[in-house]
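Quick notes on the structure that follows.
What follows is calculated from the coordinates using simple rules that are stated; it is not laboratory data. Because the structure is a prediction, the values reported are computed rather than measured. Positions of Cβ are generated from backbone atoms using ideal geometry, with glycine treated the same way; all protein chains shown enter the neighbour counts.
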């Protein structure tokens with residue numbers, strides 16, 4: 001929906017793309033786009049043609065992938081949400097390397113949006129993302145669900161004895177991950193938890209904002225406020241007592257962790273990594289659920 005972006009993709013000028021579209025429309029004797037100063041909008045005929053072309057290109061790509069002589073397997077590049085990579089995946093990688101020394105797993109901490117072209121361009125075999133799992137041109141396999149609960153350091157709670165229930169919360173005390181996933185609002189996780197608790201906290205923008213959940217949790221560990229914890233990232237800290245969950249009542253997040261791969265690009269290495277992740281997630285889930293079930297019900301007053 002952008003001649004400029006199409007030109008960059010094709011390594012030609014914007015004018016060249018525009019001229020080609022005009023010539024096509026002239027040959028068809030009907031418009032494919034409705035043009036306005038701010039946007040391009042496909043006509044019904046344009047939408048029809050776009051669908052057919054997309055399916056055709058995918059069929060060509062799939063055939064070429066099957067015909068291509070595969071090179072010897074190199075490192076398995078896994079792009080991973082940075083907070084999940086640091087807080088959950090990395091501590092478990094020793095088990096993977098001991099069990100599968102033949103797989104050259106290479107993990108990169110990244111949170112950019114994924115699509116098929118970007119994965120192919122960056123030679124990414126698979127990705128782990130915390131999001132809604134909505135990928136039109138990629139396969140997203142759920143690995144682990146996520147649960148949200150406010151967490152703070154014992155020292156912070158001792159210094160703020162007035163915080164006895166969610167109703168006592170105020171915006172300046174809250175620590176936010178401003179980009180829980182691509183497309184999420186800046187207050188996604190706190191808003192979801194507060195709604196479930198039946199509490200309204202006005203002016204959420206007055207809290208402190210970070211672009212990674214791990215940074216917000218680091219601030220919570222330092223006694224700077226209350227962060228919205230993801231169970232996958234805070235379980236160890238809760239078990240050790242470095243963090244506490246003052247209000248209990250975990251709420252299931254709209255987001256979850258997904259193993260994202262290109263369509264029709266299954267490989268033995270990908271299947272092996274996926275199976276290992278699923279096994280690790282099952283072990284973690286049992287430990288997590290036991291702790292969450294032991295938390296008290298939320299107090300609203």
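Using a Förster radius of 25 Å, what is the FRET efficiency between residue 165 and residue 145 based on their Cβ-Cβ separation? Nearest 0.05, please.
Efficiency, rounded to the nearest 0.05: 0.45.
Each residue, residue 30 and residue 42, gets one label point 7 Å from its Cα in the Cβ direction; the gap between the two is 1.4 nm. Along its principal axes, the stretch 3-67 has C-alpha extents of 43, 26, 23 angstrom, given from the largest down. Against the chain, whose longest principal axis comes from its Cα atoms, helix 231-240 is set at around 20 degrees. Estimated at 0.36 nm per residue, the fully extended path between residue 206 and residue 60 surpasses their Cα-Cα distance by 47.4 nm. Once the gyration tensor of the Cα atoms in the stretch 99-194 is diagonalised, the equivalent ellipsoid follows with semi-axes of 36, 17, 12 Å, ordered largest first.
With 0.36 nm allotted per residue and the present C-alpha distance subtracted, the residue 11-residue 271 stretch has 90.0 nm of extension available. Computed over the stretch 1-109, the P(r) tail beyond 16 angstrom holds 75 percent of alpha carbon pairs. When peptides 131-138, 92-99 are sorted by average Cβ neighbour count within 10 Å, with the highest value leading, the order is 131-138, 92-99.
Between 0 and 90 degrees, the angle of helix 14-28 with respect to the longest Cα principal axis of the chain falls at about 60 degrees. Ordered by the count of other Cβ atoms within 10 Å of each Cβ, fewest first, 30, 116 give 30, 116. For the chain, with a Gaussian network of springs between Cα atoms less than 10 Å apart, report the residue from 112, 176, 258 with the top mean-square fluctuation. Looking only at 112, 176, 258, the largest GNM fluctuation is found for 112. Going by Cα centres, the stretch 167-237 and the stretch 84-148 are how many Å apart? The stretch 167-237 and the stretch 84-148 have Cα centres separated by 24 Å.
One decimal place: the segment residue 49-residue 137 gains 29.9 nm when fully extended, by the rule 0.36 nm per residue minus the C-alpha distance. For the chain, the Kirkwood hydrodynamic radius comes to 22.2 Å, computed from all pairs of different C-alpha atoms. Take every DSSP beta bridge whose two residues both sit in the chain; close to 65 percent of them are antiparallel. For the stretch 146-254, the direction-averaged projected area of the alpha-carbon convex hull comes to 5.9 nm².
With each label modelled as a point 7 angstrom along the Cα→C-beta vector, the residue 120-residue 278 pair spans 2.7 nm.
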